[in-house]
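A short write-up of the structure that comes next.
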Amino acid sequence: MIPYVFTFVGMFLRQWYVNVINPSDGGAVFLTVAGVLLTVIGLWKTYKIQGGKYADKKRLGIAMGIHGAIWLAGLLLFGVVSWILGKIVYLIALAVGLVIAYFWFQSLNGGGSDTAYSSGNDEREGLDALPNLMYDGYRRWQLEHKGRDYAVYHDDDGNTITIRQASVCGGTITTDAGTFQSYQ
C-alpha cells in the first residue's frame, strides 16, 4: 500500500504543477523532480516487496501496472477532480453558513427549548427532565441516547424503550411508556 501512496503523491505533485501552478512561477523543476523521485521510490518499494529478482513476473507486472494506472488516472482525471474539489469547498462553505444561520436564528427565537416547566410545584415536563437512571419496580433502566424528541433507555437484560413524552414530579416519572421511579 505504501508504494502506491508514494506514486500517488508523486503524480499529484506533477499534476498540481501542470494544472494549477503557473509554469513561470519557477516551481516546475522542483515539483517535477519530486514527483518523479517519489514515483521511482514507489516502484522500487514495490519491486522489493514482490521479491526483487525472484518475484513472480506476473504479480510484479500487475503491481507495476497499478503504478501506471495511478499516473494514467492522474493525467486524465486531475483537471476534473480539482474542479470537483473546488465545488466541494463551496458546498462545505455553504453548509457551514447554513448551520451558523440556523443557530443564530434559533438563538433569536429564544433558544427553542423543548423543556416546559410548570410554575406551581416541583413538577417538570419534557425530555430534559428525565434522569439517567430510573426504576420500574426492581428493574433498572439506563439512558442510552437522547434525541431532540425522544429518549431511549435500556435495562440490564438488553430490552429497550423509547420515550417521547415525560413528566417528573418528585421521584415519580410518568411517561408515554409507563410510570417509573427515580429513587433520588
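Every read-out reported here was derived from the displayed coordinates using simple, explicitly stated rules and does not represent laboratory data. No experiment lies behind these values; they were computed from the predicted model shown. Note: ideal-geometry Cβ built from the backbone for every residue, glycine included; neighbour counts use all protein chains shown.
Observations, loosely collected:
- Ordering of 63-72, 37-46 by burial proxy (mean other Cβ atoms within 10 Å per residue, highest first): 37-46, 63-72
- Between ARG148 and ILE92, the simple spin-label model (points 7 angstrom out along Cα→Cβ) gives 2.5 nm.
- Order by protection proxy (mean Cβ within 10 Å, highest first), peptides 146-158, 123-135: 123-135, 146-158
- Quarter of Cα convex hull surface for segment 121-184, i.e. mean projection, nm²: 3.9 nm²
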